[in-house]
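Report on the structure given below.
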Amino acid sequence: MKNCEKCGGPLDPDELYENAGKILCEDCFLEQKMKPVTCDPWAVYSAKRLSGTAPQLTELQFRILNLIKTEGPLAASEICRRLQINETQFQNCYATLRHMELARGMRDGDKVRYTVF
Ligand SMILES: [Zn+2]
């Protein structure tokens, strides 16, 4: 009898699942399928590779980067006010910039300010 390659549990031949070349039980298979793709190591890797050459930024991401480059470090509220965007828009853009290692947050007392890498 085969065992699940993830949890090591025994597998019935009729409840075998295969994912990325691994034999999995139903539980592990479903768990893998439901994993959010946001923290995919491959995405981090390709984002890093891109940042060395020509980063693919949206216009807003570019404006945020430009602002913190010239006037940073700035708090999120200042960036939002300057660019007329809301906090959610900023956080979404910042997540990408952080991912590409173009922008980072730094502590300033009990506040966080954002600056370039
Ligand atoms: Zn399993």
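A short reminder: the numbers here are calculations on the coordinates, not readings from a lab. The model shown is predicted, which means the values in this text are computed figures rather than measured ones. Counting neighbours? That spans all protein chains shown, and the Cβs are built from the backbone with ideal geometry, glycine included.
Scalar couplings 3J(HN,Hα) for the stretch 100-114, obtained by applying the Karplus form with A = 6.51, B = -1.76, C = 1.60 to θ = phi - 60°, are 7, 6, 9, 10, 8, x, 9, 6, 9, x, 9, 10, 10, 10, 10 Hz; x denotes Gly and Pro. Length available on full extension from Glu101 to Leu30: 0.36 nm per residue minus the Cα-Cα distance, which gives 22.4 nm. Taking label points 7 Å from Cα along the Cα-to-Cβ direction, Ala20 and Lys6 give a separation of 1.0 nm.
When each of the peptides 64-70, 27-33 is scored by the mean number of other C-beta atoms lying within 10 Å of its residues, the order from highest to lowest reads 64-70, 27-33.
Distances between placed amide hydrogens fall under 5 Å for Leu16 paired with no residue 5 or more residues away or on another chain. Residues whose amide H falls under 5 Å from that of Ala75, counting only those 5 or more places apart or on a different chain, are Tyr114, with hydrogens built in the peptide plane.
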